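Peer 1: Structure provided below as structure tokens; questions to follow.
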Protein chains: 2
Amino acid sequence: MNIEHMRAFLEVAATGSFQLAADKLHVTQSTISARIKALEERLNRQLFVRRRNGAELTAGGHHFHRHALTAVRSWDRARQEIALPDDMKAIVNLGVQLNHWDRIAAPWLNWMNSNASNLAAQIVSEYSEPLMHRLRDGLLDLAILYDPQQRPELVIESFLVEKLILISTTPRQVEAERVQGYIFVDWGDSFKAQHSLAFPNAPSPKLSVGIGSVGLNHILQHGGSGYFIEETVKPLIAEGRLFRVKDAPEFKRPTYLVYQDNPSDHDLLETAIKGLRSILPDTV
Amino acid sequence: MNIEHMRAFLEVAATGSFQLAADKLHVTQSTISARIKALEERLNRQLFVRRRNGAELTAGGHHFHRHALTAVRSWDRARQEIALPDDMKAIVNLGVQLNHWDRIAAPWLNWMNSNASNLAAQIVSEYSEPLMHRLRDGLLDLAILYDPQQRPELVIESFLVEKLILISTTPRQVEAERVQGYIFVDWGDSFKAQHSLAFPNAPSPKLSVGIGSVGLNHILQHGGSGYFIEETVKPLIAEGRLFRVKDAPEFKRPTYLVYQDNPSDHDLLETAIKGLRSILPDTV
DNA sequence: CACCTTAAATCGAAAAATCCGATATTACCC
DNA sequence: GGGTAATATCGGATTTTTCGATTTAAGGTG
């Protein structure tokens, strides 16, 4: 059965007329007639009552309506979501950590745009775990994340090691093993491990956030301190809006590039990776 | 786009092989090949990577999968729900009150089976209000209910007047305007009105149920009293398991037959109504 | 390296479906 | 009975789909 037949059905149901439906769908009335007939034959059930002033749904037709709707919609959505513009060759699906949107996703999109304009790009921004799931399910071509899980069909490469430093809105030092107004930013499992090792007696912090930028905004507005990626806060330190807490331990946070072992499109992946590496000129 | 194409897609995705999918769908492998090709062309996107040992979904293919699934499913469900067996001519959709299943729906189905075997019958059993909704939405050909709302396109006929009598598991009379272990069965709006008129000072009952048979079962098991349809409890009174409470007021509950004014199939409706009337030999 | 095997792609022809345009039919209104 | 506004039907052109046979591609194997 054809989706266009169901679309015709929906249009007739909506307009109450074969002719109007035909106009809307840019076909002749006889075509609509044939399509409805085909539907009715395959379902072996009448869908419309033909009256002098148009067509009206039967009880069966009404029942059919919701199914037709979902079928037509899912096809339309499929096209919207995955159809590729004519001038594009393929789509790369990249997943990045929420925190990495500014630092990685945005410049990568930029790079792709100018260096591989025949490739469309889609980016999913999520936490590590959902990204892993999507990778495993084949919904992503590649992803950049912390805490990857090794899997036979996945290749994991080290991508970038970030330095997490303790900063504060006022110049200060570590006091009583903890600074005031401390916000715990969840930078992933390995960070949590290092953190509790470095501050074994620290009480659980009042505030705990999952996304770096959220925590940073909070601190900038209300004051406080927390661990953030050095690169991100560097400009703010230079401006004098933030201060590095001396003597506080630093943490390293490794980031990994993960992708399917035998990808659906080798060149595609290679280009995407090239783009990713190129936006990290500071790495060796 | 054709549903069968998507089915082919799903089958290839499931089996990982064009050939196996072809076998399952009873077509040739070249057909599968063409169908997938058609899909890929219309979406302008590759769905499978063809490998030596079969076909594997691309990221795009994975994304498409859920849409294909819902589209195919909705068509299949539509067929299941509304397709008519070859030897049937039409389906009547009847709605009855929950309480009326035994008294009306079951015997009607029986009647239809023997007197109009070329008509399929579907019954929806619900409360009055949802039945009205379904009628209004054209999902039912006719319904039997209490408290119908008048609407221009609906015909309402009186169908049956039931007598509600107060019964109890022990012989007793009305005491202090209320009997013990009383269960309030919600027999609809007009009953509620009559009830509160007859027992103006009655405290709200401990138990209140919406379906007659549920309340009846409760009483039979745990003892108690309540209003029930005379016809239903008559055999139980005869058995000595229930007793009629003397002096208690009786209530009438009118039931209506409601259907579309100009139905999609006049004969169909007429037959159905004839069947309904015929199972009420006790009415004038 | 030549050969084999397995899986998918392609090709040509037959079959089926779809669509159009014109015309027929139907029901109702005047 | 004629007119009108709707859908149904018909014949033929066109397009799509299918099949069966063959070809191509990518790995294995001796």
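The values are calculated or read from the model by the stated rules, or taken from the named source; none is laboratory data. Since the model is a prediction, treat every value here as computed from it, not as a measurement. Backbone-built Cβ (ideal geometry, glycine too); neighbour counts: all protein chains shown. SASA here: full protein model, heavy atoms, side chains in, ligands and nucleic acids out. Shrake-Rupley method; radii C 1.70, N 1.55, O 1.52, S 1.80 Å.
Peer 1: For A:Ser196 paired with B:Glu41, estimate the spin-label separation in nm (one decimal), with each label point 7 Å from Cα along the Cα-to-Cβ line.
Peer 2: Distance between the two pseudo-spin positions: 5.9 nm.
Peer 1: What part of the accessible area of the range A:3-82, given as a whole %, is carbon or sulfur when the probe is 1.4 angstrom?
Peer 2: About 46 percent, which is the carbon plus sulfur part of the accessible surface.
Peer 1: Run the reach check for B:Lys37 against lysines, Cα to Cα strictly under 25 Å, same-chain hits fewer than 8 apart removed. What comes back?
Peer 2: Filter leaves A:Lys89, B:Lys24.
Peer 1: Output the relative contact order of the range B:3-82, whole-number percent, from Cα pairs under 8 angstrom with separation of 6+ residues.
Peer 2: 33 percent
Peer 1: Something else about it: Between the DSSP loop rule and a limit of at most 13 other Cβ atoms within 10 Å, which GluC sites (Glu not before Pro) in the range A:75-161 are left?
Peer 2: Those satisfying the criteria are A:Glu153.
Peer 1: What would the Debye equation give as log₁₀ I(q)/I(0) for the range A:1-110 at q = 0.10, 0.12, 0.23 Å⁻¹, counting only Cα atoms as equal point scatterers?
Peer 2: Evaluating at q = 0.10, 0.12, 0.23 Å⁻¹ gives log10 I(q)/I(0) of -0.45, -0.55, -1.26.
Peer 1: With a 1.4 Å probe and every protein chain left in place, work out the accessible area per residue of the protein assembly as shown in Å², rounded to a whole number.
Peer 2: Value returned for the protein assembly as shown: 50 Å² of accessible area per residue.
Peer 1: Hey, could you pull the Cα Rg and Dmax for chain A, both in Å?
Peer 2: Cα only, chain A: 28.1, 88 Å (Rg, Dmax).
Peer 1: While we're here: How many square angstrom of accessible surface are buried between A and B, both sides summed, with a 1.4 Å probe and rounding to 100?
Peer 2: 3800 Å²
Peer 1: Top mean-square fluctuation among A:Ile36, A:Ile91, A:Ile144, Gaussian network model of chain A, C-alpha springs under 10 Å?
Peer 2: Looking only at A:Ile36, A:Ile91, A:Ile144, the largest GNM fluctuation is found for A:Ile36.
Peer 1: Now, a different point. Could you order B:Arg253, B:Arg42, B:Arg50 by accessible surface area, starting with the largest, using a probe radius of 1.4 Å?
Peer 2: Putting B:Arg253, B:Arg42, B:Arg50 in descending order of accessible area: B:Arg42, B:Arg50, B:Arg253.
Peer 1: Which of rounded, prolate or oblate describes the protein assembly as shown when judged by the alpha-carbon gyration tensor and an a/c cut-off of 1.5?
Peer 2: Since a/c reaches 1.5 but b/c is at least a/b, the shape of the protein assembly as shown is classed as oblate.
Peer 1: Compute the FRET efficiency between A:Met88 and A:Ser125 as 1/(1 + (r/R0)^6), taking r as their Cβ-Cβ distance and R0 = 30 Å, and round to the nearest 0.05.
Peer 2: 0.90
Peer 1: Still on this structure, please answer the following. Could you give, in nm with one decimal, how far A:Lys192 is from each other copy of that position, shortest first, with labels 7 Å out from Cα toward Cβ?
Peer 2: So the distances to the same position in the other copies read 5.1 nm.
Peer 1: Let me ask something additional. State the extension gain, in nm to one decimal, for the chain segment bounded by B:Gln29 and B:Ser278, taking 0.36 nm per residue of separation less the distance between their alpha-carbons.
Peer 2: Computed gain between B:Gln29 and B:Ser278 is 83.9 nm.
Peer 1: Output the antiparallel fraction of DSSP beta bridges having both residues in the range A:162-253, as a percent to the nearest 5.
Peer 2: Rounded to the nearest five, the antiparallel share is 60 percent.
Peer 1: Could I ask something else about it? For the range B:214-284, what % of the accessible area comes from carbon and sulfur atoms, probe 1.4 Å?
Peer 2: Within the range B:214-284, the accessible surface is 51 percent carbon and sulfur.
Peer 1: With +1 assigned to the C-beta of every Lys and Arg and -1 to the C-beta of every Asp and Glu, and no other charges, what is the dipole magnitude of the protein assembly as shown about the Cα centre in debye, to the nearest 20?
Peer 2: 60 debye
Peer 1: What's the magnitude of the charge dipole for the range B:3-82 around its Cα centre, counting Lys and Arg as +1 and Asp and Glu as -1 at the beta-carbon? Answer in Debye, nearest 20.
Peer 2: 140 debye
Peer 1: Build a GNM of chain A with springs between Cα atoms under 10 Å: which of A:Ala105, A:Ala21, A:Ala198 gets the top mean-square fluctuation?
Peer 2: The residue that fluctuates most here is A:Ala21.
Peer 1: Which far-off residues, 5 or more places away or on another chain, put their amide H under 5 Å from the one on A:Val209, with H placed in the peptide plane?
Peer 2: A:Phe184, A:Val185, A:Asp186
Peer 1: For chain B, what does the relative contact order come out to in percent, with C-alpha contacts under 8 Å and a separation of six or more?
Peer 2: Reported as a whole number, the value is 19 percent.
Peer 1: In nm, one decimal, shortest first: how far is the label point of B:Glu231 (7 Å from Cα along Cα to beta carbon) from the matching points in the other copies?
Peer 2: Result for B:Glu231, in nm, nearest copy first: 7.9.
Peer 1: What are the nm distances, shortest first, from B:Asn113 to its equivalents in the other copies, labels at 7 Å along Cα→Cβ?
Peer 2: Reported distances to equivalent positions: 6.9 nm.
Peer 1: Now a separate question. Can you give the angle from 0 to 90° between the axis of helix A:106-115 and the longest principal axis of chain A, with both taken from C-alpha atoms, to the nearest 10?
Peer 2: In chain A, helix A:106-115 runs at an angle near 60 degrees to the longest axis.
Peer 1: Restricting to Cα pairs below 8 Å that are 6+ residues apart, what does the relative contact order work out to for the range B:162-253? Please round to a whole percent.
Peer 2: Taking the mean separation of contacting Cα pairs over the length of the range B:162-253, I get 57 percent.
Peer 1: I want to verify a result. In a Gaussian network model of chain B, Cα cutoff 10 Å, which of these has the top mean-square fluctuation: B:Thr169, B:Thr232, B:Thr70?
Peer 2: In the Gaussian network model the winner is B:Thr70.
Peer 1: How large is the charge dipole for the range B:125-244, taken about the Cα centre, if only the Cβ atoms of Lys, Arg (+1) and Asp, Glu (-1) carry charge, to the nearest 20 debye?
Peer 2: So the dipole magnitude of the range B:125-244 works out to roughly 500 debye.
Peer 1: By the gyration tensor of its Cα atoms, with a ≥ b ≥ c the square roots of the eigenvalues, what is the shape of the range B:162-253: rounded for a/c under 1.5, prolate for a/b over b/c, or oblate?
Peer 2: The shape class here is rounded.
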